[in-house]
1. Got a sec? Which of Ser47, Ser98 is surrounded by 14 or more Cβ atoms within 10 Å (Cβ to Cβ), at pLDDT below 85 and in contact with a helix residue (DSSP H, G or I) (Cβ under 9 Å, 6 or more places away or on another chain)?
2. Residue by residue through segment 17-26, note down the ones that are surrounded by fewer than 18 Cβ atoms within 10 Å (Cβ to Cβ) and part of a helix (DSSP H, G or I).
3. Taking segment 145-167 only, how many residues are in contact with a Gly (Cβ under 6 Å, 6 or more places away or on another chain) and buried (at least 22 other Cβ atoms within 10 Å of the Cβ)?
4. What number of residues within segment 1-46 satisfy the criterion of being in contact (Cβ under 8 Å) with a residue 12 or more places away in the chain and under 15 Å from Ala148 (Cα atoms)?
5. In the list Gln133, Gln145, which residue meets the criterion of being modelled with pLDDT under 85 and more than 28 Å from Gly33 (Cβ to Cβ)?
6. Would you check if Phe103 is at pLDDT below 85, closer than 30 Å to Ala184 by Cβ and out of contact with any Lys or Arg (no Cβ under 7 Å at 6 or more places or on another chain)?
7. I'm trying to understand the selection: among the residues of segment 1-52, which are within 13 Å of the chain's Cα centre (by Cα), of a type in the set (A, V, I, L, M, F, W, C) and closer than 19 Å to Leu85 by Cβ?
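The values are calculated or read from the model by the stated rules, or taken from the named source; none is laboratory data. Everything quoted here is computed from the prediction, not taken from an experiment. Virtual Cβ from ideal backbone geometry, glycine too; neighbours counted across all protein chains shown.
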Amino acid sequence: MPDNILYFLGVSVALTVAPGPDVLFLAAQGVAGGPRAGLAVALGLSSGLLVHTALATLGVSAVFAASPAAFTALKLAGTAYLLWLAWGAFREKPGRRSGAENFSGELALYRRGVIMNLLNPKVALFFLALLPQFVDPAKGGVRLQMAALGMVFMAQVIVVFCSIGYLAGRLGDRLPPALGTGRAVPLFKGLVFLVLAAALLVAVKTG
């Protein structure tokens, strides 16, 4: 384990709590579905980091980032997925919240979080830029150090994201019944997805 692990942990927490696509996505899902929905999405988003850690450790992320066509394709896939989620949110019927009422619902939300994380190209670039800065080549085992750092990052993300998801869900629970089961929450969720899709699409055009 690198000697500067505590510094790395502090930087990681600060970056994780900063508002970004994953945090907005998580908050929207929590408000719309309740605490259990927020926790399911949080665990899904966190699980996606296993893949990003493996790709960064094996050097695949560097190769991928160097390919403009592949990087653009990932951005377009992420945009399409967010637009599909927005369409689904706008079509939700009022009368009940879209929460994790059973295991299948929790699994669907977990899977949604994983896909959202994997289709966010900024996460791959972030890992590629962050992890090597805290690796000490003199100690050897560079890949092992990067893997360890990735696990530390993922551990704090689980804590932070689960907290955000749960609190967002509690906030949704406190909404007036007419608001919580009406059209306002699905519209809010759909608008968040649209904003995230638009931001990713702009990144495609400028990237």
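1. Details: Ser47 fails: at pLDDT below 85.
Going through Ser47, Ser98 in turn, the sole match is Ser98.
2. Val17, Leu24
3. In the first step, residues of segment 145-167 are kept if they are in contact with a Gly (Cβ under 6 Å, 6 or more places away or on another chain); the result is 165-166.
Subsequent filtering for residues that are buried (at least 22 other Cβ atoms within 10 Å of the Cβ) retains 165.
Matching residues across segment 145-167 total 1.
4. Residues meeting the conditions: 9.
5. Numbers: Gln145 fails: modelled with pLDDT under 85.
Just one listed residue meets the conditions, Gln133.
6. Working: at pLDDT below 85: yes; closer than 30 Å to Ala184 by Cβ: yes; out of contact with any Lys or Arg (no Cβ under 7 Å at 6 or more places or on another chain): yes.
Judged against the criteria, Phe103 is a match.
7. Val23, Leu24, Phe25, Leu26, Ala27, Ala28, Leu39, Ala40, Val41, Ala42, Leu43, Leu45
So that you can scan it fast, the table gives a plain yes or no per residue for (1) assigned to a helix (DSSP H, G or I); (2) in contact with a Phe, Trp or Tyr (Cβ under 8 Å, 6 or more places away or on another chain); (3) more than 17 Å from Ala42 (Cβ to Cβ):
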residue: Leu149; (1), (2), (3): yes, yes, yes
residue: Gln156; (1), (2), (3): yes, no, no
residue: Ile164; (1), (2), (3): yes, no, no
residue: Gly172; (1), (2), (3): yes, no, no
residue: Val185; (1), (2), (3): yes, no, yes
residue: Leu196; (1), (2), (3): yes, yes, no
residue: Leu200; (1), (2), (3): yes, no, yes
